[in-house]
Amino acid sequence: MKNNRRHFLQSAAAVTGGALLAGIAGSKEAQAAVQSGNLPPDVPSWMKKLGTGVEAAPYGEPVKYERDVIRRNVPFLTATTESSVSFTPLQDLDGVITPNGLCFVRDHGGTPVVDPVQHRLMIHGLVERPMVYSMVDLMRFPTESRIYFTECAANGGMDWRGAQMQGVQFSHGMVHCCEWTGVKLSTLMNETGVSPKAKWMLAEGADAAAMTRSIPIEKAADDVLVAWSQNGERLRAENGYPLRLVVPGWQANTSVKWLRRLKFGEEPWETREETSKYTELMADGKALQFTWAMLAKSVITRPCPEKPLAGKGFCEVSGLAWSGLGKVKRVDVSFDGGANWAPASLQEPVLTKSLTRFRIPWEWNGQLAYLQSRVIDETGYIQPTIVEMRKAWGSNAVYHKNAIYTWRVNQNGTVDSVEVN
Amino acid sequence: MLKSISVLAVALAGALAAGTATAQTYGFGQPATPAAIAGWNIDVNGLSGAGLPAGRGTVAEGQKVYEERCASCHGVFGEGAGRYPVLAGGQGTLTADRSVQTVGSYWPYAPTLFDYVRRAMPFPAPQTLSDDQVYAVVAFILNLNNIVPANAVMDAKTLAAVKMPNRDGFLTSTWTHDTRPDLHSTACMKNCKSGPVQVISDLVSLHVTPEQTESGNVGSQVEFKEAPAGPATAARPAVPSVTFAQVQKIIAQRCAVCHAQKPTQPGFSAAPMGVMLDTPQRIKAAAKKIGEQAVESQAMPIGNVTNMTQAERKLLGAWIAGGAK
């Protein structure tokens with residue numbers, strides 16, 4: 001179990017019932033299955049006794065066999081786990097919706113557990129009617145439910161200087177996609193009478209970092225939600241309970257969690273999180289600021305280092321694509337490192353600023369292959385190559401790395417993260 | 001029924017045509033009193049200093065607060081312990097291969113420092129410093145970066161007047177698909193490469209990915225075990241288990257703040273003993289000495305002020321054992 005790759009390979013071998021790759025002998029799990037008395041023609045043991053009662057799990061959990069499907073962090077990345085990130089296990093997920101317990105978490109001062117009865121949202125500054133709202137107050141407003149992806153600006157940042165992360169969970173796992181329910185921010189702006197002089201809004205969280213970001217008024221009035229539900233249930237503490245901002249398509253850091261205050265003003269606040277952080281240092285020493293939108297990105301999630309190929313022959317290649325500027329228009333897949341491309345099929349419905357699942361069939365002949373995906377969004381933006389990105393950005397940048405990603409499929413079916421020319 | 005729907009449609013169309021000014025209001029919630037606002041209204045505008053409170057603090061007062069409340073993470077000289085943020089130095093590195101982004105080298109506005117320290121620091125106990133203490137710590141950090149003199153007094157007026165070295169280092173532009181610099185205009189479909197596919201970066205040598213066991217993470221930064229034997233059939237470049245880039249990063253962080261032509265560590269105007277470790281050539285030439293001082297006797301860094309870890313010493317040792325290439 002310690003060697004993860006071996007474990008996955010063994011599982012894969014067990015599933016394919018003996019199509020063993022690279023000389024791996026039958027795993028313990030595979031042998032145990034054969035000797036279990038649960039395979040045909042024997043009747044499985046779970047059919048010969050009663051299961052548990054309906055009250056056994058009043059709030060259900062995944063079955064024990066799915067215990068590997070969890071968020072993980074990268075210990076060397078940050079000084080503490082309170083100001084850190086844990087990654088979504090994209091390799092284990094189907095479709096586009098991220099289960100609440102698996103949504104990546106980026107905290108700057110730990111996860112507070114906020115009592116919803118004692119939580120308030122204050123709206124003030126350049127407004128006619130400064131107001132304080134309880135959760136009960138907020139839930140009386142007209143509501144809306146929308147599916148949006150949320151991506152940390154630093155997603156992929158560990159690979160800026162070269163392939164470093166052997167696994168799609170770490171290379172791309174700072175993204176999740178949920179159905180959010182709440183009141184539109186524009187409703188609250190109208191309710192408090194935001195002044196025509198207001199050009200910016202400061203959003204502040206109730207965590208130990210008192211996270212603050214400035215958001216321009218046009219975006220605030222457009223599609224931003226003040227949300228209390230995520231995939232049909234109340235937010236998880238680590239995703240902002242009881243209230244958070246959802247700023248569709250923009251750096252996740254602007255979707256302030258544990259939202260406690262919105263202040264309207266004429267200028268941006270130039271907070272630490274929009275000057276010393278979340279800015280892009282270019283090769284010439286100048287930095288770009290207010291680079292909010294997460295531009296189009298895609299990645300193949302199957303196969304990937306965590307999900308090697310089980311054998312020659314048919315393989316459905318599948319992955320995720322998204323754009324902070326709108327809808328995914330097309331995803332192309334290459335099996336030869338970018339020399340030739342073929343369009344993948346997109347799972348309907350394709351929603352704006354949402355994850356989109358793509359799939360393409362592949363016949364693997366057992367030879368070395370370099371798999372890539374490339375997304376084009378509805379604005380015409382084409383996902384760049386890493387070579388193109390470095391030309392424009394140098395390698396001092398941290399955020400917004402959305403380059404085409406390469407998986408090398410080795411002849412034994414294992415998969416490595418590499419960069420190609 | 002039909003009639004009521006059409007009435008609603010007309011009402012909606014009217015509301016939309018009139019814009020949000022006439023949209024319905026609901027009257028939920030309570031007015032925010034001036035007292036309630038005053039308690040929560042802690043933001044300071046980084047550019048103008050608007051919102052800076054009354055109070056003042058000196059560099060000397062700040063040093064005391066800093067040593068008690070900040071230095072255990074950020075280092076006595078603002079050099080940062082472990083992965084905690086480096087606060088001082090780094091000026092002139094923004095175009096270097098490894099930039100050091102600190103208050104002095106990167107932050108554009110001084111009042112932002114007050115805003116951030118007051119709302120979020122000290123990390124384990126935010127919003128426990130008085131405004132005077134925050135002014136003092138800000139004065140000390142600015143002095144560490146040689147931005148204000150040792151006798152500086154920071155208050156709402158003087159802090160707003162501080163001009164940061166990287167003030168003009170930021171470009172703000174709303175970025176869209178057609179303003180980002182790496183745009184390319186075609187999505188080639190066939191025969192897109194002039195030559196064969198070449199791997200330009202391969203992570204097999206790094207061993208930095210955490211193991212994905214059911215219990216979450218195991219291990220820490222880098223375990224310097226032998227590279228796993230790759231599949232015999234897959235083409236993999238021969239790579240040493242410790243790269244020079246790893247070594248260079250450690251030296252830059254732990255040694256070159258003093259051992260450089262122009263030391264960034266306050267109090268050092270020249271490289272101690274004339275040993276400079278600020279270029280790859282100089283680091284490689286000094287490999288033997290690095291081994292003696294930082295790996296074997298561990299006399300360096302002095303007092304371990306830059307917090308070199310045992311893992312880093314081990315890595316340096318492995319690099320030297322492998323020929324220091």
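The values are calculated or read from the model by the stated rules, or taken from the named source; none is laboratory data. Everything numeric in this text was worked out from a predicted model, so none of it was measured. Using ideal geometry, Cβ is built from the backbone for each residue, glycine included, and neighbour counts are taken over all protein chains shown.
All conditions but one from (1) surrounded by fewer than 23 Cβ atoms within 10 Å (Cβ to Cβ); (2) at pLDDT below 95 apply to residue A:234; the one that does not is (2).
Taking helices (runs of 4 or more DSSP H) as the structural unit, no element lying wholly within the range B:12-130 holds at least 3 residues that are at pLDDT below 95. Taking the listed residues A:316, A:348, A:363, the one that is in a loop (DSSP other than H, G, I, E, B) and of a type outside the set (Lys, Arg) is A:348, with no other qualifying.
In the condition set (1) of a type outside the set (Ser, Thr, Tyr); (2) in contact with an Asp or Glu (Cβ under 9 Å, 6 or more places away or on another chain); (3) free of Cβ contacts under 8 Å to residues at least 24 places away in the same chain, residue A:197 is compliant with all but (3). When A:245, A:262, A:288, A:295 are checked against the criterion of being buried (at least 21 other Cβ atoms within 10 Å of the Cβ), modelled with pLDDT under 95 and in a strand (DSSP E or B), A:288 stands alone in meeting it. Looking only at residues of the range A:60-79 that are within 7 Å of chain B (Cβ to nearest Cβ) and among the basic types (Lys, Arg), we find that the one that is farthest from residue A:168 (Cα to Cα) is A:67. Being touching a Leu at 6+ places or on another chain (Cβ under 6 Å) and of a type outside the set (A, V, I, L, M, F, W, C) holds for only one residue in A:402, A:365, and it is A:402. Can you tell me how many residues within the range B:54-107 are under 15 Å from residue B:121 (Cα atoms), β-branched (Val, Ile, Thr) and either more than 14 Å from every other protein chain (Cβ to nearest Cβ) or touching a strand residue (DSSP E or B) at 6+ places or on another chain (Cβ under 8 Å) (or both)? Matching residues across the range B:54-107 total 1. Against the conditions (1) aliphatic (A, V, I, L, M); (2) under 30 Å from residue A:387 (Cβ atoms); (3) more than 9 Å from every other protein chain (Cβ to nearest Cβ), residue A:158 satisfies every one except (3).
Restricting to the range A:93-133, count the residues that are within 10 Å of chain B (Cβ to nearest Cβ) and either over 30 Å from the mean Cα position of the chain (by Cα) or crowded, with 18+ Cβ neighbours inside 10 Å (or both).
At the first step, the residues of the range A:93-133 found to be within 10 Å of chain B (Cβ to nearest Cβ) are A:108-110, A:120-125, A:127, A:129-133.
Those left that are additionally either over 30 Å from the mean Cα position of the chain (by Cα) or crowded, with 18+ Cβ neighbours inside 10 Å (or both): A:108-109, A:120-125, A:127, A:129-133.
Qualifying residue count for the region: 14.
The residue that is nearest to residue B:192 (Cα to Cα), among those in the range A:374-421 that are small (Gly, Ala, Ser) and more than 7 Å from chain B (Cβ to nearest Cβ), is A:403. Among the residues of the range A:351-361, at least one is at pLDDT 95 or above and among the small types (Gly, Ala, Ser). Taking the numbered list (1) more than 12 Å from every other protein chain (Cβ to nearest Cβ); (2) in a helix (DSSP H, G or I) in turn, residue A:182 passes all entries but (2). The test for being in contact with an Asp or Glu (Cβ under 8 Å, 6 or more places away or on another chain) and farther than 17 Å from residue A:168 by Cβ holds for residue A:112.
Is one or more of the residues making up the range A:301-310 of a type in the set (Asp, Glu), closer than 21 Å to residue A:248 by Cβ, at pLDDT 95 or above and outside any strand (DSSP E or B)?
Among the residues of the range A:301-310, not one is of a type in the set (Asp, Glu), closer than 21 Å to residue A:248 by Cβ, at pLDDT 95 or above and outside any strand (DSSP E or B), which makes the answer no.
Criterion applied to A:279, A:187 was being farther than 19 Å from residue A:105 by Cβ, of a type in the set (Ser, Thr, Tyr), touching a Pro at 6+ places or on another chain (Cβ under 7 Å) and facing chain B (nearest Cβ under 9 Å), and the one residue passing it is A:187.
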